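Q: Questions regarding the structure given below will be posed in turn.
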């Protein structure tokens, strides 16, 4: 048995498959949740779902992302098997492009509804944040009538 199979519950006794439990602090599924909870991942995946892109094209399309953050995010996606990095020739130079793997495409299918939800409800969310901030800015914590 490997360390992975012992620590993650894989093996013959489990039929070779173990369903994760994100509420278990030892479950590595939490790492996946941390990764996909990143706003950069949520912005990069749909772009790659449309087809492979080079680094510069990704940076142009994802407004506000630094080259360093883009590289870190792509590296994390590649490490987790969600994105494939491909090197090829482009005239006189080597061109690197990124594409979703089948696993990454399946994740994108699961997250597409979240993307649509955010696009549909952003105005309501903006209003809710403004109302919350105003209620806190009046100095009484949102309680009518001020201090008791």
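The values are calculated or read from the model by the stated rules, or taken from the named source; none is laboratory data. Since the model is a prediction, treat every value here as computed from it, not as a measurement. Cβ coordinates were reconstructed from backbone atoms using ideal geometry, including for glycine residues, and neighbour counts include every protein chain displayed.
Q: If I filter the stretch 87-104 down to residues being free of Cβ contacts under 8 Å to residues at least 12 places away in the same chain and not in a helix (DSSP H, G or I), which single residue comes out as surrounded by the most Cβ atoms within 10 Å (Cβ to Cβ)?
A: For the stretch 87-104, the residue satisfying everything is 90.
Q: Can I ask one more? Could you list all residues from the stretch 30-48 that are farther than 14 Å from residue 97 by Cβ and touching a helix residue (DSSP H, G or I) at 6+ places or on another chain (Cβ under 9 Å)?
A: Passing the criteria: 32, 35, 36, 38, 40, 41, 42, 43, 45, 46.
Q: Working only within the stretch 59-75, note down all residues that are assigned to a helix (DSSP H, G or I) and over 17 Å from residue 105 (Cβ atoms).
A: Correct list: 59, 60, 61, 67, 68, 69, 70, 71, 72, 73, 75.
Q: Then there's this: Which one is surrounded by the fewest Cβ atoms within 10 Å (Cβ to Cβ) among residues in the stretch 55-86 that are touching a strand residue (DSSP E or B) at 6+ places or on another chain (Cβ under 8 Å) and modelled with pLDDT under 95?
A: It comes out as 86.
Q: Restricting attention to the stretch 44-54, report how many residues are assigned to a strand (DSSP E or B) and surrounded by 17 or more Cβ atoms within 10 Å (Cβ to Cβ).
A: 1
Q: Of the numbered conditions (1) at pLDDT below 95; (2) under 19 Å from residue 34 (Cβ atoms), residue 112 satisfies every one except a single condition; which is it?
A: (2)
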